[in-house]
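Engineer: Starting off with a structure, shown below.
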Amino acid sequence: MNIPQLVNTQRAYYHKDLTRPFDFRKEQLLKLKKMIQQNETDIIQALKADLNKSEFESYTSEIGFLYAEINLILKELKTWMKPTKVKTPTSHLGSKSYIYKEPYGVSLIIAPWNYPFHLALAPVIGAIAGGNTIILKPSELTPSISNLLNRLISKTFDQEYFAVVEGAVEESQELIEQQVDLIFFTGSVPVGKIVMEKASQNLTPILLELGGKSPVIVDEKANLDLAAKRIVWGKYTNAGQTCIAPDYLYVHRNVKPELLSKMKQYIKEMYSETPLLNEEYTHIVNHRHFKRLTPYLSEGEIVIGGGIDEENKIIEPTILDHITWEDSVMQEEIFGPILPVLTYDDIDEVISQVRSNEKPLAFYYFSEDQQNQEYVLNHIPFGGGCINDTLFHVANPYLPFGGVGHSGIGKYHGKASFDAFTNAKSIVKQTTKFDFSFRYPNTKNGLTII
Ligand code: NAD
C-alpha cells in the first residue's frame, strides 16, 4: 500500500466535511457494531489461532467490551457533540463563551497483540465518534486477527474514510513519519518513545497507552479469600498478557501463608491441576516472548506452577515466592503468567518502594480498612485501579482509562474517548451592542453604546 497516498486521500476526504455530521458518525458506529456481530465466530476463531484464547475470554474481554462502548457512545454522542456553554467572567460583560468540539482530521491508530481485536477497535470507536478518518495498524504478532480486521474493514468501509495497513515495524515506521492529525498508540514503553519522538517532528497530538509494573498489595485486614480469587483471575486471564494485570504481589507478612495457600487453590479451580493440558488456557504469543519469560522461573522459590510446554508456548500459572527487587523478574514488565511475591511489614516501605519506580498503569489494593485504602490511594501515583479487585476499572466506560508518565499519556473509553479524538475549540462570542473603551490604549471614555 502507498502510505503517503493513503494519508493524502484521507485528508482530501476529511476536507469534504462528510465525517462531521452526527448522522454520519452514528451510521459508521452502527456499521462497525454490525460488522462485529455478524463475524463473531470468525473473530473467536482468529483469537484461538493467534493466542489460543477461549471463547469465554474472547467474548468477555475482546468483543463484549466493544458493544458496551458503542452503545454508550450512540446514546450520548449527540449531546457530547453540541458546543458547551461555559461561564464568562464579568470582565467580559456582554459576551458568551463556548467550547466547540472539532474533529482532529486524519487519525492513526497503532495496536498491540495482547487483546488484538479489542485494542484495535476501542480507539477506532472514539475516532469515529470524534468525526475523524482512520488509519489502523494492527499488530503483526497476531496475524489472523490483523488479516481478519483488514478483510472486514475493507469490506465495510471506504478506504478514504477507514483503512487498515497491515505490517510490522517497517510499515509502522512509515506511518508515524506521515503528517497525520492525531496518533493513538498502544504498546510498549520503548516503542512509545519512538512514536512520540516522530510525532514531535510534526507536532502531532499523541496519546500513548503503555505498560509497566502494576502492583497488587494485600493488607493484613483484607478479605483473603476474595483477594486470592480476584488476584488469580486478574493475573492469569490471557496468561498474564494484560497491560493492567497485577505484575507483582506485595503481601503483609502476617497473612502471606494463608493468601498463597488460597491462591494455589484458586489456580487449580480456574485452570485445573494440569494447566498445560487445559484447552481453555491462553498460550504465549510467540517463541521470542516464551524465551523471554522462562528464565524468570528459576528465580525465588516456586509456590505453584513452573511447568512449561515449549512446543505449544504454554507456561503454567506460576507464583514465585522469596523474590527481591534485585531479581531480574522485578526489572521489567513481566507480561506473562508469572507472579513474583514480596513481603512487607509496614505499608510505608511499600509506598516508598513503589514511588521510587515509574508510575504504574494500574494499582490494586485489598483491605477492609477504609482509612488504609484512602492512605494508599493518596500516596501512590498510577493510571487507574481497584480497591478489593483487579482489572475491573477497565470495563467501566464512565472511568477514563490510561496511564501517567511512563505508563502513558492521555485517557480514553466512553466520554474520554470522544474527548481524546476531539479538539476542544474555545470561542468567545462578543457583543456588538456596546463596547468598553477603557480596554483600548489612550482612551478616556468608559462605555460606548453602539
Ligand atoms: P509493541 O510496542 O512491541 O508494539 C505495538 C505496535 O507498535 C505494533 O503494532 C507494532 O507493529 C508497532 N511497532 C513495533 N515496533 C515499532 C517501531 N520501532 N516503530 C513503530 N511502530 C512499532 O507492543 P506489544 O508487544 O504489541 O504490546 C505489549 C505492550 O503493550 C506491553 O508493554 C503492554 O503493557 C502494553 N499495552 C498497553 C495497553 C494499554 O492500554 N495501556 C494495552 C495493551 C498493551
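The values are calculated or read from the model by the stated rules, or taken from the named source; none is laboratory data. Predicted model only: the values in this text are computed from it and were never measured. Cβ placement follows ideal geometry from the backbone for every residue including glycine, while neighbour counts extend to all protein chains displayed.
Engineer: Ile231 fails exactly one of the following numbered conditions: (1) surrounded by 23 or more Cβ atoms within 10 Å (Cβ to Cβ); (2) more than 10 Å from the ligand (Cβ to nearest atom); (3) within 16 Å of the chain's Cα centre (by Cα). What is the number of that condition?
Structural biologist: For Ile231, the exception is condition (3).
Engineer: Is one or more of the residues making up segment 420-436 of a type in the set (Gly, Ala, Ser) and away from the ligand (no atom under 16 Å from the Cβ)? Lay out the reasoning, then the answer.
Structural biologist: So the first thing to find is which residues in segment 420-436 are of a type in the set (Gly, Ala, Ser), and the list is 420, 424, 426.
Cutting the leftovers down to away from the ligand (no atom under 16 Å from the Cβ) gives us 424, 426.
Yes - at least one qualifying residue is present in segment 420-436.
Engineer: Scan segment 348-381 for residues that are surrounded by fewer than 21 Cβ atoms within 10 Å (Cβ to Cβ) and either within 16 Å of the ligand (Cβ to nearest atom) or among the charged types (D, E, K, R) (or both) and jot them down.
Structural biologist: Listed by number, the residues that qualify are Asp348, Glu349, Arg355, Asn357, Glu358, Lys359, Glu368, Asp369, Glu374, Pro381.
Engineer: Further question on the same structure: Among the residues of segment 111-121, count how many are surrounded by 24 or more Cβ atoms within 10 Å (Cβ to Cβ) and either touching a residue at least 60 places away in the same chain (Cβ under 8 Å) or not small (Gly, Ala, Ser) (or both).
Structural biologist: Pass one, segment 111-121, residues surrounded by 24 or more Cβ atoms within 10 Å (Cβ to Cβ): 111, 114-117, 120-121.
Applying the additional criterion that residues be either touching a residue at least 60 places away in the same chain (Cβ under 8 Å) or not small (Gly, Ala, Ser) (or both) yields 111, 114-117, 121.
Result for segment 111-121: 6.
Engineer: Any idea which of Leu182, Leu152 is within 18 Å of the chain's Cα centre (by Cα) and at pLDDT 95 or above? Break it down stepwise before answering.
Structural biologist: Numbers: Leu152 fails: within 18 Å of the chain's Cα centre (by Cα).
None of the others qualify; the one that does is Leu182.
Engineer: Related question: Let me confirm something: among Gly234, Gly240, which residue is touching a residue at least 40 places away in the same chain (Cβ under 8 Å) and on the phi > 0 side of the Ramachandran plot?
Structural biologist: Details: Gly234 fails: on the phi > 0 side of the Ramachandran plot.
Just one listed residue meets the conditions, Gly240.
Engineer: Let me ask another. State the number of residues belonging to segment 176-210 that are among the β-branched types (Val, Ile, Thr) and near the ligand (Cβ under 8 Å from one of its atoms). Walk me through how you get there before you give the answer.
Structural biologist: Pass one, segment 176-210, residues among the β-branched types (Val, Ile, Thr): 176, 180, 183, 186, 189, 191, 194-195, 204, 206.
Add one more test, that the residue is near the ligand (Cβ under 8 Å from one of its atoms), and what stays is 176, 186, 189, 191, 194-195.
Counting residues in segment 176-210 that are among the β-branched types (Val, Ile, Thr) and near the ligand (Cβ under 8 Å from one of its atoms) gives 6.
Engineer: Among the strands (runs of 3 or more DSSP E) confined wholly to segment 310-370, which include 3 or more residues that are in the same structural domain as Arg230 (by the TED database) and out of contact with any Phe, Trp or Tyr (no Cβ under 8 Å at 6 or more places or on another chain)?
Structural biologist: Numbers: elements: 318-321, 338-344, 362-366.
Because the criterion is at least 3 residues that are in the same structural domain as Arg230 (by the TED database) and out of contact with any Phe, Trp or Tyr (no Cβ under 8 Å at 6 or more places or on another chain), the strands (runs of 3 or more DSSP E) in segment 310-370 that meet it are 318-321, 362-366.
Engineer: When you go through (1) part of a strand (DSSP E or B); (2) surrounded by 24 or more Cβ atoms within 10 Å (Cβ to Cβ); (3) more than 15 Å from the ligand (Cβ to nearest atom) one by one for Glu102, which number turns out not to apply?
Structural biologist: Exception for Glu102: condition (2).
Engineer: Return the residue satisfying two criteria in turn: it lies in segment 158-179 and is under 20 Å from the mean Cα position of the chain (by Cα) and of a type outside the set (Ser, Thr, Tyr), and of such residues it is farthest from Thr133 (Cα to Cα). Step through it out loud before you land on a result.
Structural biologist: Step one: of segment 158-179, the residues under 20 Å from the mean Cα position of the chain (by Cα) are 164, 172, 176.
Cutting the leftovers down to of a type outside the set (Ser, Thr, Tyr) gives us 164, 176.
On the way: Val164: 12, Ile176: 16 Å.
Out of the qualifying residues, it is Ile176.
Engineer: So, in segment 105-134, of the ones that are of a type in the set (Val, Ile, Thr) and closer than 16 Å to Glu69 by Cα, which residue ends up farthest from the ligand (Cβ to nearest atom)?
Structural biologist: Taking segment 105-134 as the starting set, the residues that turn out to be of a type in the set (Val, Ile, Thr) are 106, 109-110, 124-125, 128, 133-134.
Now narrow it down to the ones that are closer than 16 Å to Glu69 by Cα: 124-125, 128.
Numbers: Val124: 14, Ile125: 14, Ile128: 19 Å.
The extreme case among them is Ile128.
Engineer: A further question on this structure: Only one residue in Pro397, Pro340 is within 16 Å of the ligand (Cβ to nearest atom), touching a helix residue (DSSP H, G or I) at 6+ places or on another chain (Cβ under 8 Å) and in contact (Cβ under 8 Å) with a residue 24 or more places away in the chain. Which one? Please lay out each step first, then the result.
Structural biologist: On the way: Pro340 fails: within 16 Å of the ligand (Cβ to nearest atom).
From the options Pro397, Pro340, the qualifying one is Pro397.
Engineer: Also: How many residues does segment 211-228 contain that are touching a helix residue (DSSP H, G or I) at 6+ places or on another chain (Cβ under 8 Å) and away from the ligand (no atom under 16 Å from the Cβ)?
Structural biologist: Counting residues in segment 211-228 that are touching a helix residue (DSSP H, G or I) at 6+ places or on another chain (Cβ under 8 Å) and away from the ligand (no atom under 16 Å from the Cβ) gives 10.
Engineer: Also: Test Asp158 against the stated conditions and say whether it is surrounded by 16 or more Cβ atoms within 10 Å (Cβ to Cβ), acidic (Asp, Glu) and modelled with pLDDT of 95 or more.
Structural biologist: Working: surrounded by 16 or more Cβ atoms within 10 Å (Cβ to Cβ): no; acidic (Asp, Glu): yes; modelled with pLDDT of 95 or more: yes.
Considered against the rule, which asks whether it is surrounded by 16 or more Cβ atoms within 10 Å (Cβ to Cβ), acidic (Asp, Glu) and modelled with pLDDT of 95 or more, Asp158 comes out as no.
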